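Below: one structure, written as structure tokens.
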Amino acid sequence: MTFLLVSIDDKRLDDILAQIVGEDFGLSEKSAKFLISKKVIQHLKRFKRNIKLIIERNYVDKVYRDSYYTYYASKRTHYGKDSIKLSFFSEEDGEITLDMFKHKDNVSFLENHYRGFIILRPTPPYIVGRSAIAPNLLQNNTFKTCLAYIPSTAMGLKVSVRAFPFSSQDTETISCAETMIWALMEYYGNKYPEYSPVLPSKILNILKQNVVERQLSSSGLSVESMSYLLKECGFGPKLYSREEFAADFNQLLSCYIESGIPIIVALDNAKAVQDKKIERLIGHAVLCIGHEEINESEIRAIADQKFVIEGTSNKLRIKDWDNVEKNFIFVDDNFPVYQSSSLKRPTERYLSIPEEDYSDAESKKNADKEWNSCEISHFIVPLYKKIYLEAYVAKIFVKKLLTSKFFSFSDGKDIYIRTFLCSARSYRKYVILNDMKDEWKSIILNKSFPKFVWVTEVSTDNIPVGKANGLILLDATEANTLDYRPLIVAMCNGFLLQYDKSNKAITSYQTTGTSFTIFDRNLKKL
């Protein structure tokens with residue numbers, strides 16, 4: 001039987017999957033049961049319970065087939081060409097049956113209740129391959145993240161799921177670094193026409209001119225190689241290191257995530273090794289794609305930073321949204337997709353691996369110590385290649401502008417700021433539908449915009465409840481900050497500022513304030 005429909009609550013599910021995996025991948029019953037219990041069930045147990053899965057055998061998966069013909073087919077050990085596909089459907093509005101796929105009247109219902117897929121490939125023990133899981137398939141769904149429509153099929157029916165692509169590494173053709181590059185390009189390639197998904201073999205071909213030793217089997221990539229890959233795939237990547245940006249490092253990472261940009265995060269415990277606290281060096285790559293929902297009390301708890309106002313001894317107290325203490329959402333190929341962790345303890349999830357997965361208690365203790373000492377050393381941002389004004393400079397520019405003579409803030413004034421990158425098209429649409437007053441709408445909509453803009457929303461007290469009363473728009477294609485050149489328009493504290501290109505100076509006008517709903521479209525919640 002090629003297709004089999006099973007409820008996720010079926011007590012026989014483990015045995016059914018183990019039998020199919022054993023038969024199709026040529027594994028013993030014991031090995032198949034072990035793989036299902038350790039590699040597959042950890043994904044399924046996070047799902048809601050009203051779910052049906054369709055098991056499709058003899059499935060041709062494009063990513064695994066690419067790895068197969070590039071690498072596995074030449075090995076003495078036999079590896080099969082076919083995969084197994086698990087497709088997930090929600091039964092929240094009615095029962096799903098195989099007979100429904102035979103009638104066109106059911107197509108819309110099936111499309112609306114499709115929740116994603118997981119590919120199982122014949123590369124034990126790393127059998128979880130290309131996958132896409134909708135966040136609303138999970139029992140715990142309290143986060144906002146980057147999502148794209150990923151096309152797929154189930155029993156021949158064309159469907160799509162809003163998800164972030166995921167796969168485990170097979171450790172031979174793709175390590176964690178290549179897996180994250182693949183996932184990132186799968187996301188961008190399905191969301192924007194400027195980019196295309198890449199297969200493992202293409203990643204190898206791109207790297208040919210940039211490596212000095214063999215590429216297979218993979219031994220991982222440096223952050224420089226990952227950045228090079230993104231550049232060759234059409235991005236203008238920006239590499240940030242904790243050593244260079246120090247106290248601003250986490251804030252910059254948060255700013256890009258708030259901009260709806262998935263970023264590659266490099267983890268290592270090099271500092272602990274250097275300090276001789278541990279011996280084994282760990283290097284790992286993951287993706288950061290979103291964050292947990294933020295509540296009002298968390299925003300109000302932001303520590304303020306004091307800035308001297310130009311030409312006075314007065315001080316402006318700025319609370320930056322990017323300093324909110326929150327958990328971020330990671331894609332880690334050693335765990336199911338959408339993992340929540342803080343930036344201070346980005347590998348805390350490794351401490352939850354049970355002792356039975358190690359050879360003995362001492363191995364577990366050592367591994368916990370090694371992973372617990374990891375920190376984020378670098379992150380790579382896949383920026384659109386025409387974006388020249390990066391986050392660090394944009395945020396400094398905004399704070400310099402707010403503390404300039406133009407806005408006349410009173411001494412000790414508290415303000416909140418929220419800075420993010422946005423496409424001009426998305427922001428114009430937001431302005432048209434927004435509740436800000438018509439005068440401000442006209443000013444913004446009559447401006448000439450570049451393809452991307454930096455937006456800073458300013459509020460004296462309302463950002464914690466989703467409102468702002470000030471706004472700064474910067475040209476993301478202008479890296480020269482002399483004479484406030486990137487400024488498109490700023491409306492704050494009763495003043496309207498614009499950059500006069502002919503005189504290369506700021507012009508200032510008085511305006512009445514307005515309260516409006518903040519932009520909230522870069523990250524999605526399902």
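Worth pointing out:
- Hits in the stretch 27-47 - residues which are open to solvent by 40 Å² or more (accessible area, probe 1.4 Å) and over 16 Å from residue 126 (Cβ atoms): 28, 29, 30, 33, 45, 46
- Residues being part of a helix (DSSP H, G or I) and in contact (Cβ under 8 Å) with a residue 40 or more places away in the chain - total across the stretch 244-272: 15
- Which numbered condition residue 297 fails, given (1) surrounded by 15 or more Cβ atoms within 10 Å (Cβ to Cβ); (2) farther than 30 Å from residue 370 by Cβ: (1)
- Residue pairs whose Cβ atoms lie under 7 Å apart, separated by 6 or more positions or on different chains, with the first residue in the stretch 360-380 and closer than 21 Å to residue 285 by Cβ and the second surrounded by fewer than 17 Cβ atoms within 10 Å (Cβ to Cβ) and aromatic (Phe, Trp, Tyr), are 367/358.
- Filter pass, residue 470 being at positive phi and either of a type in the set (Asp, Glu) or open to solvent by less than 50 Å² (accessible area, probe 1.4 Å) (or both): no
- For the stretch 102-115, the tally of residues that are open to solvent by less than 50 Å² (accessible area, probe 1.4 Å) and either of a type in the set (D, E, K, R) or touching a Ser or Thr at 6+ places or on another chain (Cβ under 7 Å) (or both) stands at 2.
- Annotation: of all residues in the stretch 203-215 being free of Cβ contacts under 8 Å to residues at least 12 places away in the same chain and open to solvent by less than 100 Å² (accessible area, probe 1.4 Å), the one that is nearest to residue 227 (Cα to Cα) is 205.
- Evaluation of residue 434 against the conditions (1) surrounded by fewer than 17 Cβ atoms within 10 Å (Cβ to Cβ); (2) free of Cβ contacts under 8 Å to residues at least 60 places away in the same chain; (3) over 25 Å from the mean Cα position of the chain (by Cα); (4) over 30 Å from residue 269 (Cα atoms) shows that the sole unmet condition is (2).
- Strands (runs of 3 or more DSSP E) wholly inside the stretch 428-526 containing at least 1 residues that are over 14 Å from residue 401 (Cβ atoms) and of a type in the set (Gly, Ala, Ser): 452-459
- When every residue of the stretch 35-57 is checked against the conditions, none turns out to be of a type in the set (Phe, Trp, Tyr) and out of contact with any helix residue (DSSP H, G or I) (no Cβ under 6 Å at 6 or more places or on another chain).
- Residue list for the stretch 78-134, filter: assigned to a strand (DSSP E or B) and more than 30 Å from residue 173 (Cα to Cα): 89, 90, 114
- Top-ranked residue in the stretch 68-87 [being polar (S, T, N, Q) and at pLDDT 95 or above; ranked as surrounded by the most Cβ atoms within 10 Å (Cβ to Cβ)]: 83
- Test for residue 465: is it surrounded by 16 or more Cβ atoms within 10 Å (Cβ to Cβ), of a type in the set (Val, Ile, Thr) and farther than 18 Å from residue 494 by Cβ: no
- Pick from the stretch 356-386, criterion of a type in the set (A, V, I, L, M) and surrounded by 20 or more Cβ atoms within 10 Å (Cβ to Cβ), ranking: nearest to residue 264 (Cα to Cα): 380
The values are calculated or read from the model by the stated rules, or taken from the named source; none is laboratory data. Model, not experiment: these values are computed from the prediction. FYI the Cβ positions are ideal-geometry reconstructions off the backbone, even for glycines, and counts take in every protein chain you see. Only protein heavy atoms, including side chains, enter the accessible area calculation; ligands, DNA and RNA are left aside. Shrake-Rupley method; radii C 1.70, N 1.55, O 1.52, S 1.80 Å.
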